[in-house]
1. Across the stretch 49-80, which residue is surrounded by the most Cβ atoms within 10 Å (Cβ to Cβ) among those that are of a type outside the set (Gly, Ala, Ser) and not in a strand (DSSP E or B)?
2. Find the residue count for the stretch 135-162, including only residues that are under 14 Å from Tyr53 (Cα atoms) and either of a type outside the set (A, V, I, L, M, F, W, C) or in a loop (DSSP other than H, G, I, E, B) (or both).
3. Only residues that are out of contact with any helix residue (DSSP H, G or I) (no Cβ under 9 Å at 6 or more places or on another chain), of a type in the set (A, V, I, L, M, F, W, C) and open to solvent by less than 60 Å² (accessible area, probe 1.4 Å): list them for the stretch 147-165, please.
4. Go through Gly93, Gly117 for me and flag whichever is open to solvent by 10 Å² or more (accessible area, probe 1.4 Å), more than 22 Å from Phe60 (Cβ to Cβ) and assigned to a loop (DSSP other than H, G, I, E, B).
5. Could you count how many residues in the stretch 1-25 are surrounded by 15 or more Cβ atoms within 10 Å (Cβ to Cβ), farther than 23 Å from Phe127 by Cα and under 18 Å from the mean Cα position of the chain (by Cα)?
Amino acid sequence: MISIEALRGRPVFQIAFVVRDFEAALARYDSVLGAGPFRCFTFGSHMHERAEYRGEPTEFSANLALNDSAPQFELIQPLSGRGAHQEWLDTKGEGFHHVGVIVESVETTTAEMNAAGYDTIMAGSGFGRDGDGSYAYYDTAADLGFVVEAVVPPAAMPELDFVWPRQ
């Protein structure tokens, strides 16, 4: 097995779950885990410079919720188009999807992951408020049971749709 140096020693900053019903999931994760409040966005290719699914350009949208715990919880409800989250929901159902790791370079991480036999499921860049930020999801499910996401966070996330619980 090849060691992925780009990930070595980097903590998991995010644990993500794919859900079918966004509002119900927000309430459920808050009730059981005390996970709220959540910052909620409509996330999609419309806010990216580049968005790819399995090596091809993609158009997608999803409801996305982030909290401020450490590690952060992320809830994702696919809304339209092809992408890693809809694929997981279709093949494995609702629940735990990926862990996120902040890396120095998504490109370097992708080269190492691909060389180790982990295909890139989905990748994107330019989604931050200032056109920065990048990520890639790698198909590690056969070895780990979940997906790994490499992230270079943007300086600022896009504008919020709302904060849950709604005031």
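1. This residue is Asn67.
2. 5
3. Listed by number, the residues that qualify are Ala156, Met157, Phe162.
4. Gly117
5. Residues that pass the stated criteria total 1.
The values are calculated or read from the model by the stated rules, or taken from the named source; none is laboratory data. The structure presented is a predicted model; accordingly, all values stated were derived computationally and were not measured. Here the Cβ is made from the backbone with ideal geometry for all residues, glycine too, and neighbour counts use every protein chain on show. Heads up: the accessible areas ignore ligands, DNA and RNA and are worked out on the full protein's heavy atoms, side chains in. Shrake-Rupley method; radii C 1.70, N 1.55, O 1.52, S 1.80 Å.
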